[in-house]
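Just below is one structure, and these are the notes that go with it.
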Amino acid sequence: AGNWKMNLTFQEADELLGTIIDNIESDGIPESVDVVVCPPSLYLELATDLSEGKSLKVGAQNVSEHEKGAYTGELAAAMLQSVDVDYCIIGHSERRQYFYETDDSLASKVLQLLKYDITPIFCCGELLPEREENKYMDVVSKQLENGLFHLPEKEFSKVVIAYEPVWAIGTGKTASPEQAQEMHAFIRALIGRKYSSDAATHCRILYGGSCNAKNARELFSMNDVDGGLIGGASLQAQDFLTIIRSA
Ligand code: PEP
């Protein structure tokens, strides 16, 4: 899944979408691989129009925790559904840090998305000092406990998790494949304890944080890494396509 964040003009978005779609249609991608782009909300309808009937899915980068009403500047899950959005990133560290999103609001956002059949891509991950102080597992476990584990198993099974160590996002400092694997295995074990081994096996856990065309294959080769949430490298068509081919 590509997270475009607050980048690209309408024309640039149109061009990038066209190149990605043309290439994945001509390359063909295995049935088991889902490709998602998450453009700025202004371009969601462009993206869902261009990807109609193609192998590309479209995600939003945020959603309101509220159903509708007097929330200036916000977008409701029902609105995303009405323009055929399939996925939505929730709890990205930039939203937690700059927009003060809390675990409680994320728990409500997840419910809103599921109500409208949109798949949440739920982000979790520790800050650098939390890793250095060896608290990273506690941090991620609390984020999942508070933001996701209120769901019954049937609803939980629709969610995608993205482990994104904050120190690796946009820094060029990728987690090593072993660090990613350690956390992904830990998350899977948590799901197994909370829900069932079936839920743990089937949950898709993506890695995000300076994943690029050079390191994607090695990261994705780890047992518990099911794919990637890609920031910077998803803005370059050829890099994103290489990452897709590594999945
Ligand atoms: C992200 O923002 O989700 C991300 C992983 O960014 P980058 O790939 O640029 O580190």
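The values are calculated or read from the model by the stated rules, or taken from the named source; none is laboratory data. Just so we're clear, the structure is a prediction, and the values are computed from it rather than from any experiment. With ideal geometry, Cβ positions are generated from the backbone for all residues, glycine too; neighbour counts draw on all protein chains shown.
Data for the structure
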item: Residue that is nearest to the chain's Cα centre (by Cα), among those in segment 181-235 that are among the hydroxyl-bearing types (S, T, Y) and part of a helix (DSSP H, G or I); result: S234
item: Hits in segment 22-43 - residues which are over 22 Å from R204 (Cβ atoms) and either in contact with a helix residue (DSSP H, G or I) (Cβ under 9 Å, 6 or more places away or on another chain) or hydroxyl-bearing (S, T, Y) (or both); result: N23, S26, P40, S41, L42, Y43
item: Only listed residue being surrounded by 17 or more Cβ atoms within 10 Å (Cβ to Cβ), away from the ligand (no atom under 13 Å from the Cβ), modelled with pLDDT of 95 or more and over 13 Å from V160 (Cα atoms), chosen from L80, L114; result: L80
item: Residue within segment 146-158 that is among the hydrophobic types (A, V, I, L, M, F, W, C) and within 15 Å of the ligand (Cβ to nearest atom) present; result: no
item: Residue tally, condition more than 10 Å from the ligand (Cβ to nearest atom) and either modelled with pLDDT under 95 or β-branched (V, I, T) (or both), over segment 228-242; result: 1
item: Residue within segment 127-143 that is in a loop (DSSP other than H, G, I, E, B), surrounded by fewer than 22 Cβ atoms within 10 Å (Cβ to Cβ) and among the aliphatic types (A, V, I, L, M) present; result: yes
item: Residue identified as over 21 Å from P120 (Cβ atoms), within 16 Å of the ligand (Cβ to nearest atom) and at pLDDT 95 or above among L50, L16; result: L16
